[in-house]
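Q: One structure, as C-alpha cells, below. Some questions next.
Where a number appears in this text, it was derived from the coordinates with a stated rule and is not lab data. Keep in mind it's a predicted model, so treat the numbers as computed, not measured. Cβ placement follows ideal geometry from the backbone for every residue including glycine, while neighbour counts extend to all protein chains displayed.
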Amino acid sequence: MNSPILKISGLTMDFGGIRALNRLELDVNAGEIVALIGPNGAGKTTFFNCLTGIYKPTAGEIMLTPPGSSKSISLKGLKPNHVTEKGLARTFQNIRLFSQMTVLENVMIGRHCRTKAFILGAIFRNAATRKEEKQIVESSAAILEKVGLADQANEFAKNLSYGAQRRLEIARALATEPFLLLLDEPAAGMNPQETHELDRLIREISKDGQSILLIEHDMKLVMSLSDRIFVMDYGKKIAQGKPSEIRANPAVIKAYLGEDVDA
Amino acid sequence: MSGLKVIKKALLTSLWFVFLTFPIMVIKVDPVERIIRWRWQNSLYVALGTFCVYLLAQFILQRKIKKLESQTEQDSLPKESVIHRILANPKQRNLLIVALSAVILAFPLFSSSYQTNVMITALMYVVLGLGLNIVVGMAGLLDLGYVAFYAVGAYSYALLNHHFQLGFWAVLPIGGGLAALFGILLGFPVLRLRGDYLAIVTLGFGEIIRLILENWSEFSKGPSGISNISRPGLFGIELSLDSAIIYLYYLMILFVIVTIFIVNRLQDSRLGRAWIALREDEIACQAMGIDKRKTKLVAFSLGAFWAGIIGVVFAAKTTFVNPASFTFLESAIILSIVVLGGMGSIVGVIFGAMILILLPEYLRALSEYRMLAFGAILVAMMVFRPQGLISNIRRTYRFEKTHSLNVK
C-alpha cells in the first residue's frame, strides 16, 4: 500500500558555478505528510522550483506515479502548467495571489486546467459552457468552505489578512485537484493562533487522501504534522527519518546550531 | 497653504512662464519688412492666464486633498463613477440606452456627410480600442505595434480587390484572419518578454510592417499606395457617395455592437479570467495550470483580428491606402484611447475613442492652438484621473450561501 507517488533520484541543479542541489534523493508515499527542512539557503525552494517546472534541473530524475496507477510519468523538463495538470500543485513562499481578483475568482483560476471552454464557448456561451462555469463556481465555493474562507468569498484577495491569504493560496492549489500538494513555508509570518488553524487544515487535507510535501521553519508544526522529515543543507540531503529520529540526529543539530568548538 | 503664499507662488509661476514663452509669444520676425515686432501685450496675457490657471489648479488640488483626508479607510475601493451608478440602476440604464440608440441611429439623418464621416472614424477607433484593450487592458501585454495589424487588414483588402476584384464582404473575414495570423506570428518571439522589452519589440514589429509596405514596391506599390478600392457593396446596388457613407456608418454601428458583445463575453469567461491572472502574476498563473503560451497567443491574435477587420473597413472607406496611414502615431493614438478611457473598461474605451478622435476635429475652431489644447487636456486628464475616464469596475463572481451563481 505504501508505494511512493513521487520519487526523486540524483536531482542536481547548477546555477553557473553554484550547485544549488546536489544529487538529491527523496520520496513521498501516498497519503503521507513529508516535511523538508534545512537552514536558509539550503536549496529547499530551488528544489520546489525544479519539481514544478519553473527551473529545469541539470541532472537527475523526477518520477510521479498517480495513485491507483502503475505507470510512472517523468516530470523533468515539463512546463509548470503541465506539471500542475499531472497533479502536482504548489503554494509560494512569498504570497503570489491575484490581488485584483476576488477570493472566489482566485480559486476559480485553479479550476482552469480541469476545464475546457475556449474562445467559441466564451462567445456563444452554449449549454456546455454554462454548465462548466456553474461547476467551476460550485466546486470553488466548496473548497473555500473547506479552508474556512467562504464568508470572504467576494472580498478582493489583497484585502484579506495575512493568514487568510496563506489559506487562500492553499485553496487555490487544491482547486487544481492535485494528489500531491507542495506547501512552501505555509506558516511563515503567522501568529500561534493562525499556525494552529493551519495545522488543523493540513491534517484535514491529508485525511482526504492527499499527499503533502511541505517546507517549513516552524519546528513545532513540522514535528507535530509530519510522518517523515528530510533535512537539507548546502543542496544535499543530510538526514531523513521520523520526527523523533531527526530531533536526535547529530548532523541536523550541527547544521542548525553549528559545531561545538571544544569538541 | 495660506492664501498669500499661494498667490506669491502663482505670481512666480506666471513670471516663469512669461520668461519661458518670451521667444515665441513676444518676438516676431517680420521677414517682409525686415524688422522685429515686439508684442509685449502677449506677455501680459500669458502672465494673467498662467496666474488664473495656477490658482484654479491649486483650488482643485486642495479640495481633492481635503476630500481624501475626510474619507474613512472603508472607502479605499475606487469610488463608483456617475456612469457606473447609472448603469447599475436598470431603469436609468434602459432610458440611457434608448436615448443613446435613438441619437446614434438618427445621427446621419440630421448631420452633413462630413460629420457622419468623422463619426465613422470615431467608431472605427472604438473597435480598434476595444481590440487593443484585450491585449493591453485584459492580458496586460503592452503592444506598441498594434497599427501593423490594422495595416495588414487594409492592405489585404486593397490587394485582393486590386488583383482579384474580391468584394468587401469576402475580404472581411480574410483580412481579420490574416491579421490574427500575424498576431500569432508576432506572439511567438515575444512570449518570454514582459513590460518595456515587449513594448520595444512590438514597436519594432509595427515599423517592420510599415517599412515593408513602403519599400516592397512590386508587392504594395510603395509609398504611392493603392487607389480605386471599391466601397462596401449592398446586394449589388450602386450607391452614391453620400448614401455609401451613411451605409458605412450603420455598418460600423453594427461592428461596434458585435465587438462590445464579444469582448464583454470574453471578459467574463474562463479565458478572460486567465488573461487577468496572467496580467497579475505570470508565475503563479502557470503554477495554477494555465498555459501561458496559448493564453498570450490567443490574446494577441484576437486583438489583431479586430484591427484587421477595421483595416478592411478603413480601406473601403477611404478607397485608398498607402503606408503613411500606418505610422507609429496611429498605434500611440489607439493606446491613448485605451489608457485615457480606462484600461480594461469597455465603456471607458468608447468614451476615450470619442474624445480622442472627435476633440481634435471640433477643436478646429481654435485653429493653430488645437493640438496645444488637445495636449493640455490629455495632461490634465492623466493628472486628475490617472485610472482613466471610466475606471474598470470588473464584474466579479459573487457566491451566495444559497448555492446559486450571481454575476453582479
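Q: Given a Förster radius of 60 Å and the C-beta distance between residue B:329 and residue A:238 as r, what FRET efficiency does 1/(1 + (r/R0)^6) yield to the nearest 0.05?
A: Numbers: r = 63 Å, r/R0 = 1.05.
With a Förster radius of 60 Å, E is 0.45.
Q: Output ³J(HN,Hα) for the range B:94-105: one whole-Hz value per residue in order, computed from phi by the Karplus curve 6.51 cos²θ - 1.76 cosθ + 1.60 with θ = phi - 60°, and x for Gly and Pro.
A: Karplus-based 3J(HN,Hα) across the range B:94-105 equals 4, 4, 4, 5, 4, 4, 4, 5, 4, 4, 4, 5 Hz.
Q: Any chance you could check the Cα centroid distance between the range A:47-89 and the range B:93-122 for me, in angstrom?
A: 58 Å
Q: I've got another one for you. Quick one: check the C-alpha center-to-center distance for the range A:217-238 versus the range B:1-24, whole angstrom.
A: 67 Å
Q: For residue B:238 and residue B:387 in the same chain, what is the full-extension length gain: residue separation times 0.36 nm, less their Cα-Cα distance, in nm?
A: Numbers: separation 149, 0.36 × 149 = 53.64 nm, distance 4.68 nm.
That pair, residue B:238 and residue B:387, stretches by 49.0 nm at full extension.
Q: Please find the FRET efficiency linking residue B:95 to residue B:56, where r is the Cβ-Cβ separation and R0 is fixed at 41 Å, and quote it to the nearest 0.05.
A: Values: r = 34 Å, r/R0 = 0.83.
The value I calculate is 0.75.
Q: Determine which lysines satisfy two conditions relative to residue A:146: a Cα distance under 19 Å, and not lying fewer than 8 residues away in the same chain.
A: Partners found: A:134, A:207, B:401.
Q: Now for a separate question. For residue A:214, list long-range residues whose amide hydrogen, built 1.01 Å from N in the peptide plane, is under 5 Å from its own amide hydrogen.
A: Residues meeting the criterion, in which the H sits 1.01 Å from N, are A:34, A:35, A:36, A:183.
Q: Which angle between 0 and 90 degrees, to the nearest 10, do you get for helix A:162-174 versus the longest principal axis of chain A when only C-alpha atoms count?
A: Roughly 80 degrees between the two axes.
Q: From the backbone phi of the range B:200-212, what are the Karplus-calculated ³J(HN,Hα) couplings (6.51 cos²θ - 1.76 cosθ + 1.60, θ = phi - 60°) in whole Hz, Gly and Pro given as x?
A: Going residue by residue, I get 5, 5, 5, 4, x, 4, x, 5, 4, 4, 5, 5, 4 Hz, with x marking Gly and Pro.
Q: Please report A:44, B:28, A:207 as a ranked list, fewest other C-beta atoms within 10 angstrom at the top and most at the bottom. Can you show the working numbers first?
A: Values: A:44 24, B:28 12, A:207 9.
So the residues, fewest neighbours to most, are A:207, B:28, A:44.
Q: Could you give me the ³J(HN,Hα) list for the range B:163-174, computed from phi with Karplus coefficients 6.51, -1.76, 1.60 and θ = phi - 60°, whole Hz, x at Gly and Pro?
A: Going residue by residue, I get 8, 10, 6, 6, x, 4, 5, 6, 7, 3, x, 5 Hz, with x marking Gly and Pro.
Q: Take the Cα gyration tensor of the protein assembly as shown, multiply each eigenvalue by 5, square-root it, and list the three semi-axes largest first, rounded to whole angstrom. Spell out each step's value before the answer.
A: Numbers: eigenvalues 608, 211, 135 Å².
Working through the eigenvalues yields semi-axes of 55, 33, 26 Å.
Q: Within 10 Å of each residue's Cβ, count the other Cβ atoms and sort B:320, B:326 from fewest upward. List each step's numbers first, then the result.
A: Numbers: B:320 14, B:326 26.
Ranked by crowding around the Cβ, least crowded first: B:320, B:326.
Q: Quick one: in the range A:1-84, what % of C-alpha pairs are over 15 Å apart? Intermediate results must be reported in sequence, preceding the final value.
A: Values: 2045 of 3486 pairs.
Percentage above 15 Å: 59.
Q: When a footprinting reagent is the concern and you count Cβ atoms within 10 Å, what order do A:196, A:82, A:112 take, fewest first?
A: Numbers: A:196 14, A:82 17, A:112 26.
The fewest-first ordering by Cβ neighbours comes to A:196, A:82, A:112.
Q: For residue A:94 and residue B:48, what is the calculated FRET efficiency with R₀ set at 60 Å and r taken between the beta-carbons, to the nearest 0.05?
A: 0.65
Q: Continuing with the same structure: I'd like the per residue volume of the convex hull spanned by the Cα atoms of the range B:24-70, given in cubic angstrom.
A: Working: hull volume 2.6 nm³, N = 47.
Enclosed volume per residue, from the Cα hull, is 55 Å³.
Q: Now for a different question. Return an integer: the convex hull volume of the alpha-carbon atoms of chain A, in Å³ per residue.
A: Values: hull volume 39.6 nm³, N = 263.
Dividing the Cα hull volume of chain A by its residues yields 150 Å³.
Q: Taking a 26 Å limit on the Cα-Cα distance, which of the listed pairs A:86/A:242; A:76/B:292; A:116/B:91; A:7/A:79; A:86/B:294; B:9/B:67 fall beyond it? Show your work: numbers first, answer last.
A: Details: A:86/A:242 28 Å; A:76/B:292 19 Å; A:116/B:91 37 Å; A:7/A:79 19 Å; A:86/B:294 18 Å; B:9/B:67 23 Å.
Long pairs (Cα-Cα over 26 Å): A:86/A:242; A:116/B:91.
Q: Which residue, B:44, B:24, B:7, has the largest displacement toward the positive end of the dipole of the range B:3-71 when charges sit on each Cβ (Lys, Arg +1; Asp, Glu -1)?
A: B:7
Q: Would you give the gap between the C-alpha center of the range B:319-350 and the C-alpha center of the range B:221-291, rounded to a whole Å?
A: Centre-to-centre distance over Cα atoms comes out at 13 Å.
Q: For chain B, report the % of Cα-Cα distances exceeding 33 Å. Could you put the intermediate results ahead of the total?
A: Values: 37323 of 83028 pairs.
Result for the distance tail: 45 percent.
Q: Placing one identical point scatterer on every Cα of the range A:98-175 and ignoring solvent, what is log10 I(q)/I(0) from the Debye formula at q = 0.12, 0.23 Å⁻¹?
A: Debye curve over Cα of the range A:98-175, log10 I(q)/I(0) at q = 0.12, 0.23 Å⁻¹: -0.33, -0.97.
Q: According to a simple spin-label model (label point 7 Å from Cα along Cα-to-Cβ), what is the distance in nm between residue A:248 and residue B:109?
A: Computed distance between label sites residue B:109 and residue A:248 equals 9.5 nm.
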